[in-house]
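Rule-based calculations on the coordinates, nothing more; no lab input. As the structure is a prediction and not an experimental result, all values here were calculated from the model. FYI the Cβ positions are ideal-geometry reconstructions off the backbone, even for glycines, and counts take in every protein chain you see.
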Amino acid sequence: MYEQLIKYIRDRINVSDEDMQRILFHYKPLKLKKHEILMSEGDPSRRMFFVVKGCLRVFFIKEDGTEATRRIAFEDHFSTTLVGFITRQPALEYTQALEPTTLLYITRDEFYTLLDSIPNWEKFYRQYLEHAYVNNTNRLMSFITQDAAERYKQLLEENPEIVRRLPNRIVASYLNISPETLSRLKSKR
């Protein structure tokens, strides 16, 4: 289970075996059932998760009661409600397992302890933050500049696994379109 996390970290930063053991010491395993809610709106965002197996989604509920999916994280990806994690404010979103999911998690306090004690961990975090910023900005731009068909085409090119593995209502929520629009787009392909 920890091998995936080790590979993920080593692919991004140089870290000694001793420092890697210090990092791994702080990660704990967690198993979730399909559809299990890991975090709800208002919960403190005190953990960062690494997906070993399965899928997490981060979503919020709009005023009209519909769900809007902000993030999907499959195997070998990190996920958290990042704004709450950084600011220590209660989460504004929910985190849910979409499949039976195995995670490794680290608490915010332990994560920040590693930032203070392992110099390259700061580089790791900076890369994570930069990646999150670019992804979020690109998604926001796509909502403003692309129509539904263009967003769907882009998703098929960049992350077809979302369409293959997840139910239409989740995919539609991720694309910010109705399930009916998604069905029409799928039927044209």
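The table below gives the values:
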item	result
Neighbourhood net charge (13 Å Cβ-Cβ; Lys/Arg +1, Asp/Glu -1) for Gly54	+1
Selected from Phe60, Tyr105, Ile9, residue furthest toward positive end of dipole (the chain; charges at beta carbon)	Phe60
Anisotropy class of the range 70-155 from Cα gyration tensor, a/c 1.5 cut	prolate
Under 28 Å, Cα to Cα: Lys pairs in the chain, sequence gap 8 or more or different chains	22
Volume of the Cα convex hull of the range 2-117, divided per residue and given in Å³	96 Å³
Estimated vicinal HN-Hα couplings, Hz - the range 62-72 in sequence order (Karplus 6.51, -1.76, 1.60; Gly, Pro = x)	6, 4, 7, x, 7, 8, 10, 8, 8, 8, 10
Gained length - Asp147 relative to Phe60, 0.36 nm times residue gap less alpha-carbon distance	29.1 nm
Three-way shape call for the range 108-174 based on the alpha-carbon gyration tensor, with the a/c threshold at 1.5	prolate
Estimated dipole of the chain in Debye, rounded to 20 [Cβ of Lys and Arg +1, of Asp and Glu -1, Cα centre]	560 debye
